[in-house]
1. For region 6-28, how many residues are at pLDDT below 95 and not in a loop (DSSP other than H, G, I, E, B)?
2. Would you mind finding the one in 153, 95, 158 that is part of a loop (DSSP other than H, G, I, E, B), surrounded by fewer than 17 Cβ atoms within 10 Å (Cβ to Cβ), touching a residue at least 12 places away in the same chain (Cβ under 8 Å) and within 16 Å of the ligand (Cβ to nearest atom)?
3. Do we find a residue being under 29 Å from residue 165 (Cβ atoms) and touching a helix residue (DSSP H, G or I) at 6+ places or on another chain (Cβ under 8 Å) anywhere in region 30-41?
4. Does residue 44 meet the test of being within 14 Å of the ligand (Cβ to nearest atom), within 23 Å of residue 120 (Cβ to Cβ), under 15 Å from the mean Cα position of the chain (by Cα) and not in a helix (DSSP H, G or I)?
5. Go through region 163-186 residue by residue and tally those that are part of a helix (DSSP H, G or I), near the ligand (Cβ under 9 Å from one of its atoms) and either at pLDDT 95 or above or more than 19 Å from residue 89 (Cβ to Cβ) (or both).
6. How many residues does region 119-139 hold that are under 19 Å from the mean Cα position of the chain (by Cα) and more than 13 Å from the ligand (Cβ to nearest atom)?
7. Could you check, for region 68-78, whether at least one of its residues is away from the ligand (no atom under 12 Å from the Cβ) and closer than 25 Å to residue 20 by Cα?
8. Quick test for you: out of 61, 3, 57, 14, pick the one residue that is away from the ligand (no atom under 16 Å from the Cβ), within 20 Å of the chain's Cα centre (by Cα) and either crowded, with 20+ Cβ neighbours inside 10 Å or under 24 Å from residue 194 (Cα atoms) (or both).
Ligand code: IMP
């Protein structure tokens, strides 16, 4: 049997590493966090999810000499012209955290009627064979919802307590993790990546 192909994940998040390992190890990949190679986090200077994911993957590939996978995600709110978008994690400025970001989101949408609070999560996952790869594999997922001003649910993270799903009559913070995975932007992009690596397309 061929030796597993080492792959570096451009993230320090242990949860992401576990989730990706479970999906990619059966395909013959051996995953490593970029922290194992002391790769510093790349500055997310792009203005699109695709740009930021490529910046992160290229940084990891270039500093390790290995193929790299990176993701970028966020929430787009139509009444805010797509904000916070790529700035979702940094929405409330220096010292931003989930509580402050959600408080700012609610403040900005307080006078917007419910039927105009449409929003979607987006995720992009990029696979680069090497740092100079001219045609990275780019996988995207999106998940439609609406922003509710009253938080509900304790699961998930980020904007989940305010992300209302008409289809389920609850927020994404009220879904169990498996169900969220099945529906979510990130789950969609991940399944696409697995399929494209499996089939070489
Ligand atoms: P990233 O780590 O640069 O991709 O930043 C993603 C940010 O977008 C997170 O910090 C959250 O604020 C938001 N986000 C992305 N996906 C989700 C999700 O599934 N639930 C809640 N918030 C999310």
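The values are calculated or read from the model by the stated rules, or taken from the named source; none is laboratory data. Small disclaimer: the values here were computed from a predicted structure and weren't measured. Positions of Cβ are backbone-derived with ideal geometry, glycine not excepted, and every protein chain shown enters the neighbour counts.
1. The qualifying residues number 14.
2. Numbers: 95 fails: touching a residue at least 12 places away in the same chain (Cβ under 8 Å); 158 fails: surrounded by fewer than 17 Cβ atoms within 10 Å (Cβ to Cβ).
Checking each option against the conditions leaves just 153.
3. Our first condition is that a residue be under 29 Å from residue 165 (Cβ atoms); within region 30-41, this holds for none.
For region 30-41, residues under 29 Å from residue 165 (Cβ atoms) and touching a helix residue (DSSP H, G or I) at 6+ places or on another chain (Cβ under 8 Å): absent.
4. On the way: within 14 Å of the ligand (Cβ to nearest atom): yes; within 23 Å of residue 120 (Cβ to Cβ): yes; under 15 Å from the mean Cα position of the chain (by Cα): yes; not in a helix (DSSP H, G or I): yes.
It is true that residue 44 is within 14 Å of the ligand (Cβ to nearest atom), within 23 Å of residue 120 (Cβ to Cβ), under 15 Å from the mean Cα position of the chain (by Cα) and not in a helix (DSSP H, G or I).
5. The initial filter retains those residues of region 163-186 that are part of a helix (DSSP H, G or I), namely 172-174, 177-183, 185-186.
From the residues that got through so far, the ones that are near the ligand (Cβ under 9 Å from one of its atoms) too are 172-173, 180, 185-186.
With either at pLDDT 95 or above or more than 19 Å from residue 89 (Cβ to Cβ) (or both) added as a condition, the list becomes 172-173, 185.
The qualifying residues number 3.
6. We begin by selecting, within region 119-139, every residue under 19 Å from the mean Cα position of the chain (by Cα); these are 119-128, 136-139.
Filter once more, so that each one left must be more than 13 Å from the ligand (Cβ to nearest atom): 127-128, 136-139.
So the answer is 6.
7. Yes.
8. Working: 3 fails: within 20 Å of the chain's Cα centre (by Cα); 57 fails: away from the ligand (no atom under 16 Å from the Cβ); 14 fails: away from the ligand (no atom under 16 Å from the Cβ).
The match here is 61.
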